[in-house]
1. Please indicate, with yes or no, whether at least one residue in the range 675-685 is modelled with pLDDT of 95 or more, of a type in the set (Lys, Arg) and surrounded by 18 or more Cβ atoms within 10 Å (Cβ to Cβ).
2. Need the failing condition index for His666 against (1) free of Cβ contacts under 8 Å to residues at least 12 places away in the same chain; (2) under 25 Å from the mean Cα position of the chain (by Cα), just the number.
3. For the range 202-235, what are the residues that are of a type in the set (S, T, N, Q) and assigned to a strand (DSSP E or B)?
4. Output the residues belonging to the range 236-252 that are assigned to a helix (DSSP H, G or I) and within 27 Å of Ser184 (Cα to Cα).
5. If you check Val296, Val358, which single one turns out to be within 24 Å of His124 (Cβ to Cβ) and either over 15 Å from the mean Cα position of the chain (by Cα) or surrounded by 24 or more Cβ atoms within 10 Å (Cβ to Cβ) (or both)?
6. For residues in the range 61-117 being among the charged types (D, E, K, R) and assigned to a strand (DSSP E or B), which is surrounded by the most Cβ atoms within 10 Å (Cβ to Cβ)?
7. Are any of the residues in the range 271-285 in a helix (DSSP H, G or I), under 28 Å from Gln434 (Cα atoms) and of a type in the set (Ser, Thr, Tyr)?
Amino acid sequence: MPLLEQSNIEQISRDAQLSKLRRNKVRYTALPQRQQESILLGSGLVGVMLFQTSETTLQLALGRADVYNVNPEVMAHRKPLGHCELTFSSKIKGVELSLDLATGILSGTLKLEEEDITLTCFCHALKDSIILDVKQMMTSSTLTYHPVENPQSSRTRNSHPHDNGPFEQAEVRSYADDIGAYTSTAYRERGMQAGEVIVATSTQRHHQSLRHFCRIEYDRDIKSQLAITARTNLQATLNAPYEALVQSHQQEWSKYADRTLFSLPDQELEAYIDFQFYKLRCLTRPDGALIDLQGVWFDPTTPWPGVWHNLNSQLTYWICAYGNRSDLMKPLIRQLQKHEHQLAKMGGETDGYNLYTVTNVDFCPPGPKPTPIAPFTEGASIADGTAYHTQNVQDATLGNFLWLVHNLWLAASYEDDQELLQTVVKRFLKKGIQFYRPHFTQAPDGSIHLPESFSPEYKSARNCNYDLAVLKWAISAYLTLEPDTEEALELAAILGQLVDYPYSEDTGYLIGEDVALTDAHRHYSHLLMVYPFYLRNMDQPDEKERIRKSVDHWQSFSKSPHEPHEKLVGYSFTGAASLYAAIGEGDLAHEYLRAFLDTNAGGRMHLTNTQYYEHAGIDATTVEVPLTGATAAIDMLLQSWGGKIRLFPAIPPDWKDAAFFNLPAHGGYLISAVLQDGKLAFLSVKAKRNGRFALKSAILPHELQETSIHLEAGKTYVWAAPNFDIAAFLKDDQQKIRFNRQGISETH
């Protein structure tokens, strides 16, 4: 079997992915009529939601991911930034637009009464400039910015006890110079300055084109230099040749668009995965912004204009690690490191770290906090899941920080980033474990128990499985980084003494001690020991049946996956898919992903842009749920836990042909595999360090079964079935995608 010094498989597959994405552009034959259903563009810091508002006007709703409140006395929240209007002198009669997922560029034809014009629009992937090129002969177009004079999000007005305004009108000032027009919005919060935004616009004529430019500049600290910055950056954008701007944008975008390649029998699911990776690059980049529930976009109807940590931030970032884009997690890691003092503040007097359920991007708590995060005091428990918005509940949700640290651990493990593991991850694990230790209670039999805490959005209980799972995972992970020390011996003893997960023979894993799951509950926080931690897994005796019973019971409140309970929507579909995939139930995993797409996440996903909306019907869009659809699909194709790389661990029996390229595995491996006619046809494993890997799969040929293979750093192990030609497979033009969605036409 060959061991290659320099394998070109990775590059061939990258070229094939870009070719596929270019060939299968998302095509729009009608313009969205509402912001929540808009065409999405983004740079990783700024974003545009494009839709039609009149017969002659397109609106570009603007967003910038780091424009947040400053005053810690008000609810953590993002600021709405207003919008630009692109207005034509002739009525729009039709469109033929396409969104190129390989380049992040929207282009095509607008059919106007007077003539057909060509429109090109993109957010530059590095320079954060919004650029529109309009080619026309007779028609004129103008780009005008409209600010928001009352820039308070809906959440700050109605979230007690943090709606402690007053909510002052912003000071809005407009002016112009020889290169553009500028609008300054200076925020105030309870009498204090709270940052300034300047939106700068300009239009230039180039032959038969009008080129419109927009920049969003932000000064959080009011350093009085923003006007100079706005003019300087606008001038630099105007001075750059348009062709050079397009080229540099395309080059940067393709670095992320080409990293993975999927070929699935379910072509709609395949297309959905590609679109989520497109959205991910819109949402962030290594030097960009942390992803909150709005990302680079902003929905003015949202009650969630911040970062939620009782599930949302964790789910958002899984796709970075699982999808070979761990460098996109750098903004999250950078913010956590920069604001460790906030983590310590939220940990209270425990000398540990933690996170409230809601923060801003600087991990500043959501308004004034008189008490630290802590278990419930005697008699203050919550038995009603509808009460989870109360302050008492937010204080008693204990597992948020360690669960978020798991995302960092995933990225470091997949990339074999020992510096990140040994410094940041190890320190955070230690501090997160330390938070729990003062709250331990010991039973007469020596077992260690946890006091009453809150299982997210459901009920409170002693020995919550949410807390036990994150704590046991954290200690286990820490012990691999801190072996053979006194501290390690002490933690190993604690791990051995921690009470077992509360379980019922009737319904499976409980919420916590003596608290069962008795009604529909969208979270699967009580099952984290199964996924994503794999602390309980199908390799353990009788555990597959216990897990299956638990997941079946969680989903039993729905009539079927395609007839979901009103509370089992959104990530309840994708969570079920990942949980079933964790125990090898490929049929069920795929059925829940099909139901996710077929029912539009239970009536909660906009088909035109796959945005998720929390309020069934029209509003409150968020970004995290759709991303988990791609993560769950990857769980069907590749898993790496228990010291083994698991190929196609949860695909349906009727999937005889499938492939993936350049997906990461624990230990610093990059995996590609092809399934043909139900058999493994090709496998490559690229190593980032010297080490051994073991494979596990029902489709492995005899020579690869129960084998541990040594591989040196930088080298690639390749296995191929007789007569299989990987280059020919990747150049197969029959690999087509059909993206059948409302407002999007088929591609052939």
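1. The answer is no; no qualifying residue exists.
2. It is condition (1) that His666 fails.
3. Selection gives Ser202, Thr203, Gln204, Ser209.
4. Hits for the range 236-252 are Ala236, Thr237, Leu238, Asn239, Tyr242, Leu245.
5. Val296
6. Arg78
7. No, every residue in the range 271-285 fails to be in a helix (DSSP H, G or I), under 28 Å from Gln434 (Cα atoms) and of a type in the set (Ser, Thr, Tyr).
Residue-wise test of (1) polar (S, T, N, Q); (2) under 18 Å from Phe401 (Cα atoms); (3) surrounded by 20 or more Cβ atoms within 10 Å (Cβ to Cβ).
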position	(1), (2), (3)
Arg427	no, yes, no
Lys431	no, yes, yes
Phe435	no, yes, yes
Ala443	no, no, no
Ala461	no, no, yes
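The values are calculated or read from the model by the stated rules, or taken from the named source; none is laboratory data. Everything quoted here is computed from the prediction, not taken from an experiment. When we count neighbours, we look across all protein chains shown, and the Cβ atoms used for this are built from the backbone with ideal geometry, even at glycine.
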